[in-house]
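Working notes, structure below.
The values are calculated or read from the model by the stated rules, or taken from the named source; none is laboratory data. Remember, predicted model here, so these are calculated numbers, not experimental data. Because the Cβ atoms are built from the backbone with ideal geometry, glycine has one as well, and the counts that use them run over all protein chains shown.
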Amino acid sequence: MAAPARLLRWILPPCCVVCRRPARERDLCDRCAPQLPWNIRACLRCALPLPENGYCGPCLVKPPPWQSATIPFLFEPPVDTLLRQLKFSRCLAIGRVLGELLGEWIASHPLTRPDLIVPVPLHWRRQLWRRFNQAAELARPPAKRLGVPIRHNVCRRRRSTPAQRGLDGNERRRNLRSAFSIATDLGGRHVAVVDDVVTTGSTLAELSRTLLKAGAARVDVWAIARVK
């Protein structure tokens, strides 16, 4: 660690983002780190938790438009609370910690590295109100660790869709139809899309289809947590 970083750690010692007790390097203490709900065995296509690694029934019948999903955690305590704090209370330290864990998870698996990373975009009105995009915050640590560039301007949200919370799968799909547009020809590139939580996968499916129509050769999904 460089001298300025060591000095900053001495002035502002690490504090666990879960319990606020003193922590080590990653702002996650030895008590809380083992309690994280890791998504160890999951569907290779959508990351739905399974008794063993393989493919879930829905993905065998009708696979999503992306090629693979890498999601290290289940949407359970304390990760669910951390993501809400990041999203609604702008706790950016949480985004850094979870993003670093996502980067480590990806680096520890034999995955094909993408050409670029695209965070799921917010509509400009929502981003103006929220003042940041949580997906972009989560994308920074894995991009840095893997040496893959983030492209914020590749995709934009064409319209401000109502919140997905409380909608069923069909309602989510209708809500997101034609919600995204791509600003450039992706020319056969491999794209990794980053989001915070995957529930039904409707948002990521619509964005993946839009990227593929714009010329992407392959789309993978990276996210922090998966709803069972």
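Data for the structure
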{"item": "Check on Thr161, out of contact with any Pro (no Cβ under 6 Å at 6 or more places or on another chain), of a type in the set (Ser, Thr, Tyr) and modelled with pLDDT of 90 or more", "result": "no"}
{"item": "Residue in the stretch 172-228 that is surrounded by the most Cβ atoms within 10 Å (Cβ to Cβ), counting only those that are over 20 Å from Arg140 (Cα atoms) and among the β-branched types (Val, Ile, Thr)", "result": "Thr203"}
{"item": "Candidate set from the stretch 210-227 (those that are over 16 Å from the mean Cα position of the chain (by Cα) and of a type in the set (D, E, K, R)); member that is nearest to Ile182 (Cα to Cα)", "result": "Lys213"}
{"item": "Enumeration of residues in the stretch 17-68 that are among the β-branched types (Val, Ile, Thr) and under 21 Å from Asp196 (Cα atoms)", "result": "Val17, Val18, Ile40"}
{"item": "Looking only at the stretch 47-77, and only at residues there that are touching a helix residue (DSSP H, G or I) at 6+ places or on another chain (Cβ under 7 Å) and within 13 Å of Ile224 (Cα to Cα), the one that is surrounded by the fewest Cβ atoms within 10 Å (Cβ to Cβ)", "result": "Thr70"}
{"item": "Set Ala69, Ala47: member being at positive phi, of a type outside the set (Lys, Arg) and under 15 Å from the mean Cα position of the chain (by Cα)", "result": "Ala47"}
{"item": "Every residue from the stretch 98-133 that is among the aliphatic types (A, V, I, L, M) and either in contact with a helix residue (DSSP H, G or I) (Cβ under 6 Å, 6 or more places away or on another chain) or assigned to a helix (DSSP H, G or I) (or both)", "result": "Leu98, Leu101, Leu102, Ile106, Ala107, Ile117, Val120, Leu128"}
{"item": "Any hit, the stretch 74-91, residues being hydrophobic (A, V, I, L, M, F, W, C), over 29 Å from Arg113 (Cβ atoms), in contact (Cβ under 8 Å) with a residue 24 or more places away in the chain and outside the structural domain of Ile117 (by TED's automatic domain parsing)", "result": "no"}
{"item": "Matching entry among Arg96, Arg113 (being under 19 Å from Gly147 (Cα atoms), of a type outside the set (Gly, Ala, Ser), assigned by TED's automatic domain parsing to the domain that holds Leu207 and buried (at least 16 other Cβ atoms within 10 Å of the Cβ))", "result": "Arg96"}
{"item": "Single residue of the stretch 185-204 satisfying the filter (modelled with pLDDT of 95 or more and of a type in the set (Gly, Ala, Ser)) that is nearest to the chain's Cα centre (by Cα)", "result": "Ala192"}
{"item": "Qualifying residues in the stretch 149-161 (those that are under 15 Å from the mean Cα position of the chain (by Cα) and not basic (Lys, Arg)) - the one surrounded by the most Cβ atoms within 10 Å (Cβ to Cβ)", "result": "Ile150"}
{"item": "Residue ranges of helices (runs of 4 or more DSSP H) in the stretch 1-97 with at least 1 members at pLDDT below 95", "result": "3-11, 79-89"}
{"item": "Every pair of residues 6+ apart whose Cβ atoms lie under 6 Å, when the first sits in the stretch 36-58 and is in contact (Cβ under 8 Å) with a residue 12 or more places away in the chain while the second is of a type in the set (Asp, Glu) and outside any strand (DSSP E or B)", "result": "Pro37/Glu76; Arg41/Glu52"}
